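A quick write-up on the structure given underneath.
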Amino acid sequence: MTLTLAPGLKIVAATHNPGKAKELAALLEGRFEIVTAGSLNLPEPDETESTFVGNALLKARHAAELSGLIAIADDSGLSVTALDGAPGIFSARWAGPTKDFTLAMKKVEERIEETGSKDRSAWFTSALAVCWPDGGPAVVVEGRVDGTLVFPPRGDKGFGYDPIFVPEGRDLTFGEMEQAAKEAISHRTRAFEKLKAALF
Ligand code: ITT
């Protein structure tokens, strides 16, 4: 069986994160008809896997089964070298039930200070998974962007940890960049390029 995604297909973006939904829509825009898991009132599954890839597959499979549509899911996060890769797959959970990323960014800063390390390097990972409602073989890919953390946070564009992340070779944080500038180099775009090579 050849797995391809024909233009014009209706696809569910299996995310309840508005920042992510916006970026996924920009990547898929014009090629497919996108509906979000939120607009279909699909419940959020528990992210019980221990890797980005595992959780992306879990979310895409869940949305495809419930909606009867092809589903794309992103599992992503910030990994900090001085924290041995934390928060990683727990990036959303560090913001607590109220999804307070000011708090989460403060926690990253405090945890790094506690280690005494001067290393401020970090990276974002995005795993993108596509699943079919008939349970056919899924496709999953991963992208990464490396950078440096800065404190205090800068910029109010983007979402999540964007205000503390300066990508390699740049001066602005993702939080200070326009969406298109972030999209040109982001972990999500890098994963998406691999997905395109596999499916479009
Ligand atoms: P869904 O599972 O519904 O997609 P979520 O926010 O729970 O939404 P994740 O479990 O993948 O998604 O958590 C990833 C977290 O990592 C996310 O909440 C962001 O705070 C952070 N993150 C991921 N990509 C990011 C990006 O491009 N910029 C800033 N923060 C990002």
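Bear in mind that the values in this text are calculations on the coordinates, not laboratory data. Just so you know, these numbers come straight off a predicted model, no measurement behind them. Neighbour counts are summed over all protein chains in view; Cβ atoms, including those assigned to glycine, are modelled from backbone coordinates with ideal geometry.
Structure notes:
- Set 69, 78, 83: member being in contact (Cβ under 8 Å) with a residue 60 or more places away in the chain, crowded, with 18+ Cβ neighbours inside 10 Å and under 15 Å from residue 149 (Cβ atoms): 78
- The set of residues in the stretch 26-80 that are of a type in the set (Phe, Trp, Tyr) and farther than 30 Å from residue 117 by Cβ contains only 32.
- Scanning the stretch 1-15 for residues that are crowded, with 16+ Cβ neighbours inside 10 Å and either part of a loop (DSSP other than H, G, I, E, B) or free of Cβ contacts under 8 Å to residues at least 40 places away in the same chain (or both) yields 5, 14, 15.
- Search result, residues across the stretch 186-200 that are surrounded by 17 or more Cβ atoms within 10 Å (Cβ to Cβ) and within 19 Å of residue 147 (Cβ to Cβ): 186, 187, 188, 189, 190, 191, 192
- Of the residues making up the stretch 43-56, those that are more than 10 Å from the ligand (Cβ to nearest atom) and assigned to a loop (DSSP other than H, G, I, E, B) number 6.
- Selection over the stretch 57-90 of residues that are part of a helix (DSSP H, G or I) and closer than 30 Å to residue 135 by Cβ gives a count of 14.
- Matching residues, the stretch 26-48, being surrounded by 15 or more Cβ atoms within 10 Å (Cβ to Cβ), without any contact (Cβ under 8 Å) to a residue 40 or more places away in the chain and either among the charged types (D, E, K, R) or within 24 Å of residue 77 (Cβ to Cβ) (or both): 34, 36, 37, 38, 42, 45
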